[in-house]
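In what follows, a single structure is set out as structure tokens and then discussed.
The values are calculated or read from the model by the stated rules, or taken from the named source; none is laboratory data. Quantities reported herein were computed from a predicted structural model and do not represent experimental measurements. Note that we place each Cβ from the backbone using ideal geometry, even for glycine, and neighbour counts take in every protein chain shown.
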Amino acid sequence: MRIAVTGTPGTGKTTVTEHLESRFKDEGSDEILGDAETAFEVTHLNDVLERDGLYTDIDAARESKIADLESLADWLAGRDDVIIESHLAHHFEADRVVVLRCRPDILEERLLERGETEAKATENAESEALDVVLAEAVEEHGFESVYEIDTTDRDPEVVADALEAVITGEREPSAGDVSFVEYIE
């Protein structure tokens, strides 16, 4: 099984998957959530992109790398029982897609605090308000495979609990439950 954990930059993907990873990780093992037959490995796809140079160009205006989605898909080929974490994760084959969400004004604050430019923070906040990642995830995987988790003002451990419930099948799909449309009004 493959689980994609995606969302607009700043929604908490890396933080939450690291919390989940530390909660279940055996000493010296990269596997979480289960025994040797059912264990998952967390793959931070942006680290793979950076480490293996799986990008085609650099967007100077946005100060970001343009991912080579085909090369990343090839890299992921044959990897099962994996949790793929990235704002790009929903572009790849997955059984369940978790879209982390955050109220746009809070998201913008988070991005500015971590050193993003005002333009990039505003662009991502608007993207979040317009449900861009959610819409892409639903288009690619269907409503029946997409789960939303609102991270606004929630402790990462609580969000990790919700993510674990998706992974273990204890939570139902929930695409469309979160809305921040009032941000753009």
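General observations
- Selection from segment 157-169 of residues that are surrounded by fewer than 16 Cβ atoms within 10 Å (Cβ to Cβ) and more than 14 Å from residue 3 (Cα to Cα): 157, 158
- Qualifying residue in segment 33-42 (condition: modelled with pLDDT of 90 or more and not hydroxyl-bearing (Ser, Thr, Tyr)): yes
- One residue from 86, 64 being among the small types (Gly, Ala, Ser) and crowded, with 19+ Cβ neighbours inside 10 Å: 86
- Helices (runs of 4 or more DSSP H) (entirely within segment 76-164) containing at least 2 residues that are more than 25 Å from residue 61 (Cβ to Cβ) and touching a residue at least 40 places away in the same chain (Cβ under 8 Å): 132-141
- Tally of residues being farther than 22 Å from residue 18 by Cβ and over 14 Å from the mean Cα position of the chain (by Cα) across segment 139-167: 7
- Those residues of segment 175-185 which are part of a loop (DSSP other than H, G, I, E, B), in contact (Cβ under 8 Å) with a residue 24 or more places away in the chain, surrounded by fewer than 17 Cβ atoms within 10 Å (Cβ to Cβ) and on the phi < 0 side of the Ramachandran plot, in sequence order: 177, 179
- The set of residues in segment 139-156 that are farther than 21 Å from residue 184 by Cα, of a type outside the set (Phe, Trp, Tyr) and touching a Gly at 6+ places or on another chain (Cβ under 8 Å) contains only 156.
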